[in-house]
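Heads up: the structure comes next, in structure tokens.
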Amino acid sequence: MPTSSAGYDLTPIDANTRAEMAKDLSAEVRHVLFEHGTEPPFCGGLLHEKEAGDYVCALCSLPLFRSANKFESGTGWPSFWEPFAPDHIRELTDTSYGRVRTEIRCARCDSHLGHVFPDGPKPTGLRYCLNSAALRFEPEAG
């Protein structure tokens, strides 16, 4: 079993298991995760989330981002300057729409999450721009 730097199982999820996990997801969530969709700006349910906790994959629940690394980018999508663990995110070159961008996907289930751009704040200078539909927020216990 491949284990992440943060101690999570990164064993890839097979197509049958992925389909079973997706059966109760909304059409919008399935569109974002499986068809590389993008929700409209300023509409996502997690854009204004301010509580402490973790943002996990909407399909497989792998922790992807921490609230401590979220910032207001003004773009209309939840933005983070650093992932939960670097190996929880896969990066791929996206040449859709006539431009080159870096797509980010969940390292375990390969679901589309959003894109990463080199215009974020210090210390990383990165802006992980996420679809709220690709995430589920888990508040910090307490």
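The values are calculated or read from the model by the stated rules, or taken from the named source; none is laboratory data. Just so you know, these numbers come straight off a predicted model, no measurement behind them. Glycine gets a Cβ as well: all are built from the backbone with ideal geometry, and neighbour counts include every protein chain shown. Heavy atoms of the whole protein, side chains included, go into the accessibility calculation; ligands, DNA and RNA do not. Shrake-Rupley method; radii C 1.70, N 1.55, O 1.52, S 1.80 Å.
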key: From phi via Karplus (6.51, -1.76, 1.60), per-residue ³J(HN,Hα) for the stretch 46-53 in Hz, x at Gly/Pro   = 9, 4, 9, 5, 10, 5, 7, x
task = Skip the ligands, DNA and RNA, and give the accessible area per residue of the stretch 50-142 with a 1.4 Å probe, whole Å².
result = 46 Å²
query = Which percent of the accessible heavy-atom area of the chain goes to carbon and sulfur, probe 1.4 angstrom?
reply = 52 percent
inquiry  = For a quick check, take a GNM of the chain with Cα springs below 10 Å and name the residue from 89, 104, 13 with the largest mean-square fluctuation.
reply    = 13
remark   = The ³J(HN,Hα) series, computed from each phi in the stretch 16-27 with the Karplus coefficients 6.51, -1.76 and 1.60 at θ = phi - 60°, rounded to the nearest Hz and given as x for glycine or proline, is 5, 5, 4, 5, 5, 5, 8, 4, 9, 6, 5, 4
remark   = Residues meeting the amide H criterion for residue 89 (H placed from the backbone, H to H distance under 5 Å, 5 or more places apart or on another chain) are 107
inquiry  = I'd like to know which of 7, 42, 141 lies farthest towards the positive end of the charge dipole of the chain, counting +1 on Cβ of Lys and Arg and -1 on Cβ of Asp and Glu.
reply    = 42
message = Tell me the accessible surface of residue 49 in square angstrom (1.4 angstrom probe, heavy atoms of protein chains only), to the nearest ten.
response = 50 Å²
inquiry  = Rounded to two decimal places and with Rh computed the Kirkwood way over Cα pairs, what is Rg over Rh for the stretch 1-45?
reply    = 1.09
request  = Pull up all non-local amide H partners of residue 135: gap of 5 or more, or a different chain, and H-to-H distance under 5 Å with H placed in the peptide plane.
outcome  = 58
message = What does the charge count around residue 108 come to, taking other residues whose C-beta lies under 12 Å from its C-beta (Lys +1, Arg +1, Asp -1, Glu -1)?
response = -1
request  = Quick one: accessible surface of residue 3, probe radius 1.4 Å, all protein chains present, in square angstrom to the nearest 10.
outcome  = 80 Å²
key: Reported label for calculated Cα extents along the principal axes in Å given [x] 51, 48, 26; [y] 44, 33, 27; [z] 43, 38, 26   = [z]
message = Quick check: with the 1.4 Å probe, what order do 50, 70 take by accessible area, largest first?
response = 50, 70
